[in-house]
Amino acid sequence: MNNRTLLAGLFCLIFVWTNSAIHADEMIQPRRLVESHTAGVLQRGYFDFGCGIYPAGNSALGAGLNFGISVGITNRLMIGLCYGGEGLVGRGKYAKFNPLPGPVIKYRLIEESLALPAFAIGYDHQGFGGIADTANFGYEGYIFKSPGFFVAISKNFLLFKKVQFGIHGSLNYSIESRNEVRWPNLTTGIDLGINEEFGLVAEYNFGFDTKDPVQGKPTRYALPGQGYLNLGVRWAFTENFYIEFDAKDVLEHRRRLDGRTVGWGREIKLVYVTHF
């Protein structure tokens, strides 16, 4: 590669970066991908109400429901609360509610700029995948643990002046089963806003805060290639209401203590966003 080719490549890279990132303030940044947090927050005076329907972790129960509401207190601070349970939908034998409500608080420390991504910190006690128990998973909580304390980073771009593209990552420390897990977990993902109605999201949860059995051997922590891949598609009927279809752990890496896989999960979310 000669110097002219190298300079031309660098010029194109800088041109794409500046002409895409400069529009970041004009885009709506998602507050979550599938389950992992981004640096996005609700603006002051806005609130959202969401309802998720998912298959129960226990086959004896019907489908689960999870309700949540979040409010933008300032342009940087949002708070929320989630609660639900399994067996609330369908013909399960009984209902089993979540052990505790799931409070959520997020504060956006640094706004996104042309050169720097946005940063946010927070706490989230809402896990997903159903309720875990000691007999099947070795701890009590959620099958896929709640994030707990987290820091999130996001950088957004506008491709071809129409397509929104975001890169996100988060580092979290769950307080579930904290006597066994003493280090943080890592998630990363992207979102792609195809147009004003349709969007795609994907995230990879490395699962460093879980233990899984290995062919009858003692449990060990997940390796990077044995994490949980989650995918989703969003359809906004209006600027205030959207429906989301999620596929969780599509690689089926999460296992019970007896070695059986939990299986990939499906979830439908309905979200309504408005302001006071």
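The values are calculated or read from the model by the stated rules, or taken from the named source; none is laboratory data. Note that the coordinates shown come from a computational prediction; the quantities given were computed from them, not determined experimentally. Neighbour counts run over all protein chains shown; Cβ positions are idealised from the backbone, glycine included.
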If you check residue 64 against the conditions, is it over 17 Å from the mean Cα position of the chain (by Cα), in a strand (DSSP E or B), farther than 26 Å from residue 238 by Cβ and modelled with pLDDT under 90? yes
Among the residues of the stretch 33-61, count how many are of a type in the set (Gly, Ala, Ser), surrounded by fewer than 22 Cβ atoms within 10 Å (Cβ to Cβ) and assigned to a loop (DSSP other than H, G, I, E, B). 3
Note on the stretch 150-162: residues crowded, with 21+ Cβ neighbours inside 10 Å, out of contact with any Pro (no Cβ under 8 Å at 6 or more places or on another chain) and either of a type in the set (Asp, Glu) or over 20 Å from residue 80 (Cα atoms) (or both) are 156
Scan of the stretch 222-265 for residues that are assigned to a strand (DSSP E or B) and surrounded by fewer than 13 Cβ atoms within 10 Å (Cβ to Cβ), ordered by number: 235
